[in-house]
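The values are calculated or read from the model by the stated rules, or taken from the named source; none is laboratory data. Just so it is clear, the structure is predicted and the values come from calculations on it, not from any experiment. Ideal geometry is used to build each Cβ from the backbone, glycine not excepted, and the neighbour counts take in all protein chains shown. Side chains are part of the model used for accessible areas, which takes the heavy atoms of the whole protein and leaves out ligands, DNA and RNA. Shrake-Rupley method; radii C 1.70, N 1.55, O 1.52, S 1.80 Å.
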Amino acid sequence: MILLLGLLYTVSIVGNSLILFIIKEEQSLHQPMYYFLSLLSVNDLGVSFSTLPTVLATFCFHIREISFNSCMVQMFFIHFFSFIESGILLVMSFDRYVAICHPLRYATVLTDARVVQMGISAIIRSFCMIFPLPLLLLRLPFCKANVLSHAYCLHSDLIRLPCGDVTINNIFGLVIVISTFGLDSALILLSYVLILRSVLAIASREERLKTLNTCVSHMCAVFIFYVPMVGVSVAARYGRYAPPYVHTLMSLIYLFVPPMLNPVIYSIKTKEIRQRLCKILLRRKF
């Protein structure tokens, strides 16, 4: 388990750091699509570093306790970065929509200032949604056995521990999930329906495939983010009698797989990133 977690963290941290370095150094990548990819990489680093302290403490130093306040802080940042990632994937789908459906307006619609505004909006929205969660938990008495299911603090795990009425917490949690993940996924789906309609209008089969190929990386990023998230939500709400390892496995996939696979996917599918990465590797070799 230690070796697996070490590998996941290494690939995630090194991979996302390389993506940021390559985009910074490669002038041809200074365009909206890659600015959003930079935001995604920074966010994935945030997810990794949010879980790193307690995972290291649990599996490397066998420290299985965390203070209540530290747990609240970790819970806030884990969900904060998760909500930001959903917003980034949404604006990336908008980028693909404009690039494919309105290519002549791309430069005027997605200016540098607008890219910054969209990134800041995703951050502010996430903060406003997540900030009440720890406050709602702090008002409750914790008198049960305060044992967590994971090596980090998730709201779905903490909500089981209070002995007071958690109805408000559950309602608020459901509302923010629907208004963020639910709305974002619906808008992403809508953008791809419009993209597909535009692509099918292209006469040449080769051009259709070439256009769709520009969306493959983003579609993979959406898939590896939303599918594990849905799995964790379903397991938390309806898997009370499921074996503990099911919850642990789902949360590991949810928090570790997207930050690890995103840089791998974009390195494979993006020619400029792949070429620059090969140059870096060759330079190290010789």
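Residues in the stretch 33-42 that are open to solvent by 10 Å² or more (accessible area, probe 1.4 Å) and closer than 21 Å to residue 109 by Cα: 33, 34, 35, 38, 39. Condition check for residue 267 on (1) modelled with pLDDT under 90; (2) farther than 28 Å from residue 131 by Cα; (3) within 19 Å of the chain's Cα centre (by Cα); (4) open to solvent by 70 Å² or more (accessible area, probe 1.4 Å): one failure, at (4).
For beta carbons closer than 6 Å, sequence separation of 6+ or different chains, a first residue in the stretch 109-124 that is under 16 Å from residue 34 (Cα atoms) and a second that is part of a helix (DSSP H, G or I) and open to solvent by 30 Å² or more (accessible area, probe 1.4 Å), the qualifying pairs are 115/35; 119/39. Which of the residues that make up the stretch 43-65 are farther than 14 Å from residue 9 by Cα, in a helix (DSSP H, G or I) and open to solvent by 30 Å² or more (accessible area, probe 1.4 Å)? Scanning the stretch 43-65 gives no hits. Selection of first residues in the stretch 214-242 that are closer than 15 Å to residue 178 by Cα and modelled with pLDDT under 80 and of second residues that are small (Gly, Ala, Ser) and surrounded by fewer than 20 Cβ atoms within 10 Å (Cβ to Cβ), restricted to Cβ pairs under 6 Å at least 6 apart or on distinct chains, gives an empty result. When the stretch 66-85 is limited to residues that are of a type in the set (A, V, I, L, M, F, W, C), part of a helix (DSSP H, G or I) and over 18 Å from the mean Cα position of the chain (by Cα), the one that is surrounded by the fewest Cβ atoms within 10 Å (Cβ to Cβ) turns out to be 68.
Restricting attention to the stretch 104-157, the residues being of a type outside the set (A, V, I, L, M) and within 23 Å of residue 184 (Cα to Cα) number 15.
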